[in-house]
Amino acid sequence: MNNYKVSSNKIINKNNSILYDAFNPNNISFLFEKIQQKLYKLLQDKTKKGIHCITPHELLNIALHLTDHKSGESIIERLNQIVDLHINTAIKVNSTGYMARQFSSVIPVSAIYDVVNSLCPQPASFYECGPLPNVADKIIAEKFAKFLGWENSNYGMISTSGASLANLTAVITARNNKYPNIWKKGNADQKNLVPTIAIGTDAHFSVSRIAGIIGLGQDNIILLPLNAQRQICIKQAKQILNKAHKNGKDIFCIIAAAGSTSIGAIDPLKELSELAIKYKAWFHVDAAHSGSFLVSDQLRNRVAGLTYADSFCLDAHKTLFVPAACTLLFYKNGDKTKHTFPIQASYVTEEFEDEITKFESGTKNFECTKRPSILNLWVVWSLYGQQFFATKLNLLVKTTFQAYKYLQTLDNFETLHKPESNILCFRYLPNEKKLSKEKLNYLQLKIRDKIRDEGRYFISKVDLDHITALRIVIMNHEISMDDIADLTKHIETAANSILKTF
Ligand SMILES: *Cc1c(COP(=O)(O)O)cnc(C)c1O
């Protein structure tokens, strides 16, 4: 143990003990303590921090130096340096300066549980090796089924590593149910009909790629235009789908969003589900961002239409604040998942369903070895209860709305939408100068860059129909209106200095 603390790598190699040292519980406990001290400091740090941009070249050099450890430092010294480098280059999700992205400010106990997940693996696809995550899937599914009014139906839920994978899995389920021969023969047997999916023009890129991935072809995506609130416009959707149908397109899946990535818009879910019924299409909702509103009595109504979905996913690693990636994919009719991956592998699956195989998710999800990230969610639910998530979500949504109201009182700020979640897009409009559309867009971009370079705030930008906007996502419940006011002052100062160069 003493040796481990002070010895250089060379000495350990000489003793040929590196392997046993690495697994020595005393050494591990010692390393754990060191890391814990660093994490304590990290969580205590309340300074405003944006993002620390280091060039790939610079970072590669530092990391290479740590990899090749020619300096003869002890293991603990190098671990210290590696953890410091990790912390320094990570997004500052615990800072009130972080407002850029949908990554969580993570519930700490959920993160700590990751170590338990890793040191005592329960790979989540098959019950035999991962009994607890398979049970946790069922418990969490039942909670959500109640919010949806599905509790007495034959619903199903699997967890996946991310919404990208969940969206793909849902569309494969939709396709295989609509075209029973496609899994085996590779074609839809639809004579002159062309299998097609319909998505909103603001759909996440993981949705728009699906047609390419499953071999439908990107040309067989129907893009549904948006209304002024950037939700799918039902009136135009009806016309476009009708026309496509007449032109021989077989629309087998309509995909809506509940919480678009750009502004958090929620599509008219009930109306779209009715259109799906009309075309005998599957109705999937990408609710990665706002599906978690279901846990909140205050917010549930906003996503009430999820009850009409054939399937929908939600990202617990975004708006339920657990470590990535933890996504829940729900099916209104769990039997449909029998056709998602209709393949048998004798080394893991049984020919006949029994009490155990009915319980496990392996044949319904993409992954084989799968992190049991559902346990990160389940553990928080068990310790703090549903209301805990709701309280944090309510606060984030409230702060975002207050920020929207506040920006409207300022002369030089324009809000671009009424927020439906914790995402807000806005622009800085200088009143003293008349700028062309292009210059105004360029100004927003430069403001984002300058704010980022200052290192106090981290905000993002988004393009909405050729208009560049600044974007904030409130993920940290410690962000107050003082922080928003301070941010606007920094934006104003940044804009004024940029405008001098115009
Ligand atoms: C984040 C996001 C995704 C992608 O989810 P991952 O979990 O990052 O794979 C898909 N759709 C929407 C609406 C999102 O916000």
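Observations
- When the inverse distances between all different Cα atoms of the chain are averaged and flipped, the Kirkwood radius reads 25.1 angstrom.
- Fraction of accessible area attributable to carbon and sulfur, the stretch 36-159 (%, probe 1.4 Å): 61 percent
- A crude spin-label estimate for the pair GLU73 and ASP449, with each label 7 Å from Cα along the Cβ direction, gives 3.4 nm.
- Formal net charge of residues neighbouring VAL462 (Cβ-Cβ distance under 12 Å; K, R +1; D, E -1): +3
- Heavy-atom accessible area per residue - the chain, 1.4 Å, Å²: 49 Å²
- Rounded FRET efficiency, nearest 0.05, which uses the C-beta distance separating THR307 from ASN192 and R0 of 35 Å: 0.50
- Within the straight-line cut-off of under 22 Å between alpha carbons, the lysines reachable from LYS336 are LYS138, LYS143, LYS146, LYS178, LYS184, LYS185, LYS270, LYS278, LYS280, LYS358, LYS364, LYS370, sequence neighbours fewer than 8 places apart in one chain being disregarded.
- Charge-dipole axis of the chain as Lys and Arg at +1 and Asp and Glu at -1 on Cβ define it, positive-most pick from MET475, ASN247, ALA325: ASN247
- Remark on the stretch 121-384: hydrodynamic radius 18.7 angstrom, per the Kirkwood mean of 1/r across alpha carbon pairs.
- In the chain, the DSSP-assigned H stretches of four residues or longer account for a calculated mean residue ellipticity at 222 nm of -13500 deg cm²/dmol, using -39500 (n - 2.57) per stretch and the full residue count as denominator.
- Close amide-amide hydrogen proximity is noted between MET157 and TYR331, each under 5 Å apart and 5 or more residues distant or on a separate chain (H modeled in the peptide plane; Pro and chain starts excluded).
- Prolate/oblate/rounded label for the stretch 417-502 (Cα gyration tensor, a/c 1.5): oblate
- Length gained when the stretch ASN154-ILE18 is fully extended (0.36 nm per residue, less Cα-Cα span): 43.7 nm
- Each Lys or Arg adds one and each Asp or Glu subtracts one; over the other residues with Cβ under 11 Å from the Cβ of ASP267, this totals -2.
- Longest DSSP-loop-exposure-free segment, trypsin sites (Lys or Arg not before Pro), the chain, at most 12 other Cβ within 10 Å: 71-190
- Whole-Hz couplings from phi, Karplus 6.51/-1.76/1.60, listed for the stretch 408-417; x for Gly and Pro: 5, 7, 8, 4, 9, 10, 10, 8, 9, 6
- The chain - charge dipole about Cα centre, Lys and Arg +1 at Cβ, Asp and Glu -1, debye rounded to 20: 1260 debye
- Placing R0 at 35 angstrom, the Cβ-Cβ distance between ASN431 and LYS278 gives a FRET efficiency of 0.10 after rounding to 0.05.
- For the stretch 148-159, the Karplus equation 6.51 cos²θ - 1.76 cosθ + 1.60, evaluated at θ = phi - 60°, returns couplings of 8, x, 9, 4, 9, 9, 9, 5, x, 8, 10, 9 Hz by residue, with Gly and Pro reported as x.
- In order along the stretch 275-282, phi translates into HN-Hα couplings of 5, 4, 4, 4, 9, 6, 9, 6 Hz, rounded to whole numbers, per the Karplus curve 6.51 cos²θ - 1.76 cosθ + 1.60 with θ = phi - 60° and x for Gly and Pro.
- About the Cα centre, charge dipole magnitude for the stretch 121-384 (Lys/Arg +1, Asp/Glu -1 at Cβ), debye: 1000 debye
- PHE312 sits among other residues whose Cβ lies under 12 Å from its own Cβ, and their net charge, with Lys and Arg +1 and Asp and Glu -1, is -3.
- Relative contact order (%) - criterion: Cα under 8 Å, at least six apart; region: the chain: 19 percent
- Residues with amide H under 5 Å from that of VAL285, placed H, sequence gap 5 or more: ALA256, SER311, PHE312, CYS313
- Nearby lysines by direct alpha-carbon distance to LYS500 (threshold 19 angstrom, same-chain neighbours under 8 apart not counted): LYS433, LYS434, LYS437, LYS439, LYS446, LYS450, LYS489
The values are calculated or read from the model by the stated rules, or taken from the named source; none is laboratory data. Note that the coordinates shown come from a computational prediction; the quantities given were computed from them, not determined experimentally. Note that each Cβ is placed from the backbone with ideal geometry, even for glycine, and that neighbours are counted across all protein chains shown. Remember, those area values only see protein heavy atoms, side chains included, never the ligands or the DNA or RNA. Shrake-Rupley method; radii C 1.70, N 1.55, O 1.52, S 1.80 Å.
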